[in-house]
1. Pick from 30, 34: which is in a helix (DSSP H, G or I), open to solvent by 40 Å² or more (accessible area, probe 1.4 Å) and farther than 30 Å from residue 185 by Cα?
2. Based on what the data block shows, is residue 101 more than 10 Å from the chain's Cα centre (by Cα), of a type outside the set (Phe, Trp, Tyr) and over 20 Å from residue 159 (Cβ atoms)?
3. It is to be established whether one or more residues within region 116-130 are of a type in the set (Lys, Arg), closer than 27 Å to residue 203 by Cβ and not in a loop (DSSP other than H, G, I, E, B).
4. If residue 180 meets every condition in (1) more than 21 Å from residue 123 (Cβ to Cβ); (2) in contact with a helix residue (DSSP H, G or I) (Cβ under 8 Å, 6 or more places away or on another chain) apart from one, which number is that one?
5. Only helices (runs of 4 or more DSSP H) wholly contained in region 155-236 count here; list those with 1 or more residues that are within 30 Å of residue 108 (Cβ to Cβ), of a type in the set (Asp, Glu) and open to solvent by less than 50 Å² (accessible area, probe 1.4 Å).
Amino acid sequence: MEQGIYLERQGPIARIVLNRPAKRNAMTAAMWQAIPALCAEIAADPEALVVVLTGAGGKAFSAGADIAEFPEVYETPESTRAYNEAVEAAQEAIVALDRPTIAAISGACVGGGCGLALASDFRFATEDARFAIPPATLGLAYSFNATRRLVGKVGPSRAKDMLFSGRLIAADEALRIGLVDRVVAAEALDQTVAAYAERLASVSQYTIRTMMRMVDAITLGADAPTPELAEAWAASFTGADFAEGYRAFMEKRSPVFRWRGH
């Protein structure tokens, strides 16, 4: 496929593919603008249960924003605002998905590319993956929401290190500081991500979506459930998935969960 970004389905797994391997999947304005619509398409499909975000070519997840576009997108205050809003909207669309999202990372994961990875629920990386957030080398600042997510993963001191220095972080260090969740050999990435995605697709989607909302609320500072979260928790004990789950356990078989949000 020639387009810079596209969506494909593999059973219950939806894959958003950044597709500019010759440019290390650097993000154009059009690619940023496309992401919210792709996320809306996934959200509208009840059978798309897990989302994988990946870069084509196996050499880079994304080298970040395409700097060749900067003279155009940052030409005026109006174009600057529009471009920054598009980047923010793309990352927030990933965050807002009510399906688990996995960033499958190989090679470079830099700047805005790292922002996309941080917007995902999980980050699986290859041993040769490298991470950097280099706005200090360009005289820019990272967005508040992306910075908040970075601090939430690695803590304030390490976040400052990455943001101030712009240095490359190797995969083993990224795992140690909590920037990524798993590191695997390059040849094992696709299989590892697929196996985990298929496991998530096989369990109760009611549980996943309820717990996603609960964890997100706690992350944003909630110390008590909202009425909606309390109701969702209570409803789990009278739902069809719970009935299927405990019956399957008693019958010593694998459960078949059918809840899809309706």
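1. 30
2. Spelling it out, it is not the case that residue 101 is more than 10 Å from the chain's Cα centre (by Cα), of a type outside the set (Phe, Trp, Tyr) and over 20 Å from residue 159 (Cβ atoms).
3. So far as region 116-130 goes, yes, one or more of its residues are of a type in the set (Lys, Arg), closer than 27 Å to residue 203 by Cβ and not in a loop (DSSP other than H, G, I, E, B).
4. Looking at each condition in turn, residue 180 falls short on (1).
5. So the answer is 171-177.
For (1) touching a residue at least 12 places away in the same chain (Cβ under 8 Å); (2) closer than 28 Å to residue 41 by Cβ, each residue gets a yes or a no:
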residue	(1), (2)
67	yes, no
80	no, no
88	yes, yes
93	yes, yes
113	yes, yes
117	yes, yes
127	yes, no
133	yes, no
141	no, no
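The values are calculated or read from the model by the stated rules, or taken from the named source; none is laboratory data. Computed from a predicted model, the values in this text were never measured in an experiment. Positions of Cβ are backbone-derived with ideal geometry, glycine not excepted, and every protein chain shown enters the neighbour counts. The area values use the complete protein model at the heavy-atom level, side chains included, leaving out ligands, DNA and RNA. Shrake-Rupley method; radii C 1.70, N 1.55, O 1.52, S 1.80 Å.
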